[in-house]
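Taking it in order: structure first as structure tokens, then the write-up.
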Amino acid sequence: MAEHKKLPEGGVIEKGGTAHGYSTGGWRKLRPVVDLGKCTNCMICWVMCPDSAVIVQDGKMVGFDLEHCKGCGICAVECPDKVKAIKMNEEAD
Amino acid sequence: MATIKELAKKDELLSGGHRLCAGCGIPPIVRIILRSANGPVVASSATGCLEVGTTIYPYTAWRIPWIHSAFENSAATISGVETAYRALKKRGRIPADKDIKFVAFGGDGGTYDIGLQSLSGALERRHNFLYVCYDNGAYMNTGIQRSSATPLFSNTTTSQAGEVIQGKQEWRKDLTRIVVAHNVPFAAQCSPHNWADLSKKAEKALAVKGPTFLNVMSPCPLGWYTKSEDSIKLAKLSVDTCYWPLYEVENGVMKVTYKPKEKKPLAEWLKPQGRFKHLFKPENANLLSAFQARVDSEWQRLIDLDGKQVY
């Protein structure tokens, strides 16, 4: 049977969250880098991240999911002024 | 209300890998709302950035049951979904005590304009759902055409600032007031920068029986001509300049939930946005002051209603 005829009825996507398997990291021009020594785990970067790309484990910010981070830079701007633990570096560097 | 650490412990219901722009204001809104629901959620979306960006076939970013059918009927679709679940409960296919939340999402185009009649109908039929409008102020997904939510004097591709007109000539539709006039138990305006306020309002709206509504400011780097990293900062400025007041109307009583200590000049919000660039030409100073005056009077109207029964 032709490939397109194998699609589920109604175009239903049978499993949730499959976009997780799609990489949008290639959109990135600037890469977020965190200084975990400075980070206070306030979670502001996590809550504001449009790409669900701030990794939190056991209540602690541990880094970025670079497969999905588009490099928008919101995390670096929103990191509180007294902390400023996140820097955006040129992806090419 | 959940603390940010408690929210962070909950499951991520919107995965990465969606194709919304870098710096888009919509995903933080959706993520905060989905995490604030205490229970399983079923959602619908109107056609728009959120729908297109999160569900490019065969991918979906949603980790909850989700449906899209057309541009104009996110509220009608969720009405049907909610009714179907009610029928399934009646037949014993779903436990009768299972508390499932229903959320409809729509952009300003799909809500203020195209989906207004279906929203009005669903509110009037008293379906048990929350409608969330992410308001970025134009049809951003189709190429930045003006909507009835577009701010005054904003440059869009169908209200271009040039020699004849200086951007959109009309004041925006006040959708939250229209919704309040449906006598709903809860309606509010929110902004993603104030995650605590947004989360609290979402939790409240989802706990109430009957139709509820959140109108959420959603920054758009593409259509606002702004830097992607400034999105949340600009959402905050829209609130601190009182262009986008945070308030709620619960059982007809108005409460302004955030009053800036110092009301910032509107220009602080407009200046970083390319869509308002023309307002900073010397010959347009009168337009800028007219815009400021209108924002001031709208804010004053709201302050006068604070704490009062408005519906």
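For residues in the range A:36-66 being within 7 Å of chain B (Cβ to nearest Cβ) and acidic (Asp, Glu), which is surrounded by the most Cβ atoms within 10 Å (Cβ to Cβ)?
Filtering first and then ranking leaves A:Asp51.
Looking at the range B:38-86 only, could you name the residues that are over 18 Å from B:Leu20 (Cβ atoms), crowded, with 23+ Cβ neighbours inside 10 Å and of a type in the set (Gly, Ala, Ser)?
B:Ala75, B:Ser79
How about the range B:1-39: which of its residues are at the interface with another protein chain (Cβ under 9 Å from one of its Cβ atoms), part of a loop (DSSP other than H, G, I, E, B) and charged (D, E, K, R)?
Correct list: B:Glu12, B:Arg19.
Of the conditions (1) farther than 30 Å from A:Gly21 by Cα; (2) among the β-branched types (Val, Ile, Thr); (3) in a loop (DSSP other than H, G, I, E, B), B:Thr60 satisfies every one except a single condition; which number is it?
Of (1) farther than 30 Å from A:Gly21 by Cα; (2) among the β-branched types (Val, Ile, Thr); (3) in a loop (DSSP other than H, G, I, E, B), only one is false for B:Thr60: (1).
Considering only residues that are surrounded by 17 or more Cβ atoms within 10 Å (Cβ to Cβ), touching a strand residue (DSSP E or B) at 6+ places or on another chain (Cβ under 7 Å) and either away from chain B (no Cβ under 11 Å) or in a helix (DSSP H, G or I) (or both), which ones fall in the range A:1-35?
Those that are surrounded by 17 or more Cβ atoms within 10 Å (Cβ to Cβ), touching a strand residue (DSSP E or B) at 6+ places or on another chain (Cβ under 7 Å) and either away from chain B (no Cβ under 11 Å) or in a helix (DSSP H, G or I) (or both): A:Arg31, A:Val34.
Quickly run through the range B:159-175 and pick out the residues that are in contact with a Ser or Thr (Cβ under 9 Å, 6 or more places away or on another chain), part of a loop (DSSP other than H, G, I, E, B) and either surrounded by 14 or more Cβ atoms within 10 Å (Cβ to Cβ) or modelled with pLDDT under 95 (or both).
B:Ala161, B:Gly167, B:Lys168, B:Arg172, B:Lys173 - these are the residues of the range B:159-175 that are in contact with a Ser or Thr (Cβ under 9 Å, 6 or more places away or on another chain), part of a loop (DSSP other than H, G, I, E, B) and either surrounded by 14 or more Cβ atoms within 10 Å (Cβ to Cβ) or modelled with pLDDT under 95 (or both).
Output the residues belonging to the range B:259-275 that are outside any loop (DSSP other than H, G, I, E, B), under 21 Å from the mean Cα position of the chain (by Cα) and in contact (Cβ under 8 Å) with a residue 24 or more places away in the chain.
Pass one, the range B:259-275, residues outside any loop (DSSP other than H, G, I, E, B): B:266-270, B:274-275.
Right, trim to under 21 Å from the mean Cα position of the chain (by Cα) and you get B:266, B:269-270, B:275.
Listed by number, the residues that qualify are B:Leu266, B:Trp269, B:Arg275.
Quick grid of which residues meet (1) more than 20 Å from B:Cys24 (Cβ to Cβ); (2) in a helix (DSSP H, G or I):
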{"position": "B:His182", "(1), (2)": "yes, no"}
{"position": "B:Gln189", "(1), (2)": "no, no"}
{"position": "B:Ala202", "(1), (2)": "no, yes"}
{"position": "B:Ala205", "(1), (2)": "yes, yes"}
{"position": "B:Phe213", "(1), (2)": "yes, no"}
{"position": "B:Gly223", "(1), (2)": "no, yes"}
{"position": "B:Asp230", "(1), (2)": "no, yes"}
{"position": "B:Lys233", "(1), (2)": "no, yes"}
{"position": "B:Lys236", "(1), (2)": "no, yes"}
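The values are calculated or read from the model by the stated rules, or taken from the named source; none is laboratory data. Nothing here was measured: the structure is a model prediction, and the numbers come from that model. Every residue, glycine among them, receives a Cβ derived from its backbone with ideal geometry; neighbour counts consider all protein chains shown.
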